[in-house]
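The values are calculated or read from the model by the stated rules, or taken from the named source; none is laboratory data. Bear in mind the structure is a predicted one, so any value in this text is a computation, not a measurement. Cβ coordinates were reconstructed from backbone atoms using ideal geometry, including for glycine residues, and neighbour counts include every protein chain displayed. Quick note on the areas: whole protein, heavy atoms, side chains included, nothing else; ligands and nucleic acids left out. Shrake-Rupley method; radii C 1.70, N 1.55, O 1.52, S 1.80 Å.
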Amino acid sequence: MSKEKRFDGQVALVTGAAGNIGLATAKRLAQDGADIVLLDIAADKLEEARDEISAFGTKVETVTCDVTDYKSVETAVASAEDKMGPIALLFNNAGYQGTFTPVQNYDPEDFTKVIQIDLIGAFHVLRAVSARMAAHRFGRIVNTSSMAGLQGPPNMVAYACAKFGIVGLTQTASKDLAPHGIRVNAIAPALMGPGFMWDRQVELQAKAGSQYFSSDPKEVSDEMIKGVPMRRLGDISEIPGVVSFLMSDDSSYMTGVTLPISGGIL
Ligand SMILES: NC(=O)c1ccc[n+]([C@@H]2O[C@H](COP(=O)([O-])OP(=O)(O)OC[C@H]3O[C@@H](n4cnc5c(N)ncnc54)[C@H](O)[C@@H]3O)[C@@H](O)[C@H]2O)c1
């Protein structure tokens, strides 16, 4: 007889599912028994993600959608539920980091783009999905903030504002949705690598020319890693288990919480 899994029979929607953290987490939720809806703006990468998730034997659907457009989000969520049934679990994770520039020179258009994807997009998805979860009186939502949403790093004003916004979204949504059987928490990862996000971050911090970091990306990387007690980068694989925990009954008395995944801050 096969062992019962944590999310057997539940449907999970993952946004930013074609990206590193989204795909890794979708895999974990599938391993935990959930049927998976993968949502992203990148259609080609979504199909590759679908192939990877299919290997776990649960149902999987993809939906191409730009989270900045509320009507598209509504349509995507409705079509996901038509095909898969009610969404019980939401990993609200699509994001874009923006440029690395001191605030006085930050491009207003890029500021708007970051806020539209990372904050307004996250609100759109949470709004559309939670209305349906409330009708079913059950839901587990995890939003992706960042350590940049708990402490504003230099040169990342738009990203910090968006990710601080996710903490507020999480706290208020947790209160509004608790009476409807829905818990809302967030994760705040940092120093995840090696890989594209990490390389981009240290290269752009080096180029930004601030007093806080060297102009050599290797030195920036060393400086950042020295700022955490664990003295190493976090791995993407250290995120999905935390999301699964926050969606499970092991965290049944937790809502409105943003959990750092960071190796600590000195
Ligand atoms: N990697 C890190 O070190 C790190 C640290 C802290 C927080 N985060 C956050 O984690 C989340 C995932 O990041 P990642 O590292 O997997 O990055 P990633 O770039 O690999 O994935 C982000 C995904 O979001 C999708 N996306 C972007 N704009 C979209 C839109 N308008 N509509 C729908 N999808 C859109 C992208 O196509 C991409 O697949 C983001 O919210 C990011 O800000 C990442």
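Some observations on this one:
- If the condition is being open to solvent by less than 30 Å² (accessible area, probe 1.4 Å), more than 16 Å from the ligand (Cβ to nearest atom) and more than 30 Å from Leu90 (Cβ to Cβ), then region 169-207 contributes only Ala206.
- Residues of region 85-128 that are touching a residue at least 40 places away in the same chain (Cβ under 8 Å), away from the ligand (no atom under 14 Å from the Cβ), on the phi < 0 side of the Ramachandran plot and touching a strand residue (DSSP E or B) at 6+ places or on another chain (Cβ under 8 Å): Pro86, Ile87, Ala88, Leu89.
- Ile187 falls short on exactly one of the conditions (1) within 19 Å of Leu23 (Cβ to Cβ); (2) more than 22 Å from the chain's Cα centre (by Cα); (3) of a type outside the set (D, E, K, R), and that condition is (2).
- Restricting Ser221, Ser210 to those that are surrounded by fewer than 24 Cβ atoms within 10 Å (Cβ to Cβ) and more than 16 Å from the ligand (Cβ to nearest atom) reduces the list to Ser210.
- Against the list (1) in contact with a helix residue (DSSP H, G or I) (Cβ under 7 Å, 6 or more places away or on another chain); (2) assigned to a loop (DSSP other than H, G, I, E, B); (3) farther than 21 Å from Ala24 by Cβ, the condition Ala128 fails is (2).
- Phe138 being of a type in the set (A, V, I, L, M, F, W, C), in contact with a Pro (Cβ under 9 Å, 6 or more places away or on another chain) and open to solvent by 30 Å² or more (accessible area, probe 1.4 Å): yes
- Every residue from region 228-259 that is among the polar types (S, T, N, Q), open to solvent by 10 Å² or more (accessible area, probe 1.4 Å) and touching a strand residue (DSSP E or B) at 6+ places or on another chain (Cβ under 9 Å): Ser252, Thr255, Thr258
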